[in-house]
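Notes to accompany the following structure.
The values are calculated or read from the model by the stated rules, or taken from the named source; none is laboratory data. Keep in mind that what you see is a predicted model, and the values were worked out from it rather than measured. All Cβ positions, even for glycine, are placed from backbone atoms using ideal geometry, and neighbour counts span all protein chains on display. Side chains included, ligands, DNA and RNA excluded: accessible areas come from the protein's heavy atoms. Shrake-Rupley method; radii C 1.70, N 1.55, O 1.52, S 1.80 Å.
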Amino acid sequence: QVRFVESGGGLVQPGGSLRLSCAASGSAFEFDDMGWYRQAPGNQRELVAMIPRGGTPIYDESVKGRFTIARDDAKNTVDLQMNSLRPEDTAVYYCYVRLGRAYWGQGTQVTVSS
């Protein structure tokens with residue numbers, strides 16, 4: 001069973017920054033993929049960014065150039081630095097890991113509003 005500790009969500013004004021952090025535990029193996037998804041009210045859950053093990057980051061087009069993802073396999077952590085935030089970035093952000101199957105964190109709310 002994979003367990004998550006997510007942090008860093010909150011309320012920020014447009015143009016501001018937030019950093020999301022996620023620590024995943026419960027596996028003796030390195031995760032295949034680590035990343036972040038988000039879900040806004042009325043929308044489906046969508047990929048924000050992810051890093052395959054040993055691979056390069058993958059970003060949704062809407063966040064390229066604004067968000068940066070980083071994973072630390074020694075600590076089993078994945079962080080998401082979010083800059084130049086927009087109101088349309090408002091959503092619940094979910095930490096995601098894959099080890100054979102997908103596992104999801106409990107989610108953290110990000111609200112971008114003036």
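Enter the accessible area per residue of the chain (Å², integer; probe 1.4 Å; all protein chains in place).
Per-residue value: 52 Å².
Which is the longest run of the chain containing none of the GluC sites (Glu not before Pro) found in DSSP loop states (not H, G, I, E, B) with at most 14 other C-beta atoms within 10 Å?
Of all site-free stretches, the longest is 62-114.
Counting other Cβ atoms within 10 Å, keep those with at most 13, restrict to DSSP loop, and tell me which chymotrypsin sites (Phe, Trp or Tyr not before Pro) in region 1-86 are left.
When the chymotrypsin sites (Phe, Trp or Tyr not before Pro) of region 1-86 are filtered for loop state and at most 13 Cβ neighbours within 10 Å, F29 remain.
Could you pull the accessible area for T56 with a 1.4 Å probe, rounded to 10 Å²?
Spelled out: T56, probe radius 1.4 Å, area about 100 Å².
Looking at the chain as a GNM with Cα springs under 10 Å, which of P52, P41, P87 has the largest mean-square fluctuation?
In the Gaussian network model the winner is P41.
Got a number for the accessible area of I58? Probe 1.4 Å, square angstrom, nearest 10.
Counting only protein heavy atoms, I58 exposes about 80 Å² to solvent.
Residue by residue, what Karplus-based ³J(HN,Hα) values in Hz, rounded to whole numbers, does region 88-104 have, using 6.51, -1.76 and 1.60 with θ = phi - 60° and x for Gly and Pro?
6, 7, 4, 4, 8, 9, 10, 6, 9, 9, 10, 9, x, 10, 8, 10, 10
How large, in percent, is the carbon and sulfur part of the accessible surface of the chain at a probe radius of 1.4 Å? It would help to have the intermediate numbers written out before the result.
Numbers: 2830 of 5950 Å².
That share works out to 48 percent.
Rounded to the nearest 20 Debye, what is the dipole magnitude of the chain about its Cα centre when Lys and Arg each give +1 and Asp and Glu each give -1 at the C-beta? Please list the in-between numbers first.
Numbers: 12 positive and 12 negative charges, 20 e Å.
Using only the charged Cβ atoms, the result is roughly 100 debye.
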